[in-house]
Amino acid sequence: MPLYKKIQTDSYAVFVWKVTETYDELIAVLPHSDIFRNEAERRFTSMKRRLEFAAVRVALYVAAGIDYPEIGYMASGKPFLLHDSRELSVSHTQNYVAVMLTEDKMPGVDIERRSDRIVNLKSRIIGPEELADSPECLLLHWSAKETAYKIMQCRDVDFVRHLKLSVLPEYIISDGIKKSGEAVMKTVHPDYVASFMINYVLDDEFILTYSVTSKKTHQDNLCNDDAAKHG
C-alpha cells in the first residue's frame, strides 16, 4: 500500500494512499489484527466497505505512526481517534483513501475519483451563481462542498442553498489548468454561517480537497451541541 501523496504544514498533515492490497493483506498489517477484522466484519457485509475500513486504518498506522488506529464516531458522524488526541477527517474513493490530522484545528478532507457521471448530479451541487460546466469543475465543487460539510457537522445541509464556492479557482477562469490552489467556501446554513479556504489538488485520477478551521470558530458556529459529544 504505497504512500501516494503527503501534504504537511505546521497545522495539518494529509496522506493519500493508493490501495493495491486485498482486504486480508491490509488487515494483516494492523496491530491487534483480529480485533480490527472482527469489527470490520461485524459492521460491514460488503467487501468494498471492509477494504475501505482496513485501508484507512493502515494509512493511519503506517503513514501517521498511530500505534493503535482505533476510530470512534461522534453523534454527527465525525470520526475521532480513540487513542490519540489529534483531530481526524477521512475520505475514500475507488483505489484511494485520504486521511487528515490536525493538532488544534477542525479538519475536513475529501477525495473523489474522476468520472463523467458527476454531470448527472449537477442540479444537486451547483447554485445559480456558481459556474461549473465541465466534469472536472463539477467534481471540484462537489468535493469542496463535501469538505465543508465535514467541518460543519450539521444535519440537513443542502449543497446548492447552503454551500457557496464564492471565489472560483484560478483554473476555471484562465486558459491554463492549475494543478493545485485554493478557493473560498461560504456556508450559509441557518445554524452555521462561516467562510474558510478550501485547498484543492487536481490529480490525473482524482480530485482532493481539504481545509481546516480554528476550534473556536467551529464552536461559535456549531449548529448542534450533540455533534460535539461522542456517540
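A few comments on the model shown:
- Leading residue by the ranking (modelled with the lowest pLDDT) among those in the stretch 177-231 that are farther than 22 Å from Ile7 by Cβ and assigned to a loop (DSSP other than H, G, I, E, B): Gly231
- Selection status of Phe36, assigned to a helix (DSSP H, G or I), among the aromatic types (Phe, Trp, Tyr) and buried (at least 18 other Cβ atoms within 10 Å of the Cβ): yes
- Where strands (runs of 3 or more DSSP E) fall entirely within the stretch 45-108, those with at least 1 residues that are under 13 Å from the mean Cα position of the chain (by Cα) are at 79-81, 87-93, 96-102.
- Restricting the stretch 117-154 to residues that are surrounded by 20 or more Cβ atoms within 10 Å (Cβ to Cβ) and of a type in the set (S, T, N, Q), the residue that is nearest to Ser195 (Cα to Cα): Thr147
- Taken as a whole, the structure leaves Asp133 outside the set of residues that are modelled with pLDDT of 85 or more and either among the charged types (D, E, K, R) or under 30 Å from Asp10 (Cβ atoms) (or both).
- Qualifying residues in the stretch 62-96 (those that are crowded, with 18+ Cβ neighbours inside 10 Å and among the hydroxyl-bearing types (Ser, Thr, Tyr)) - the one modelled with the lowest pLDDT: Ser76
The values are calculated or read from the model by the stated rules, or taken from the named source; none is laboratory data. Every value quoted in this text rests on a predicted model; they were computed, and no experiment measured them. Because the Cβ atoms are built from the backbone with ideal geometry, glycine has one as well, and the counts that use them run over all protein chains shown.
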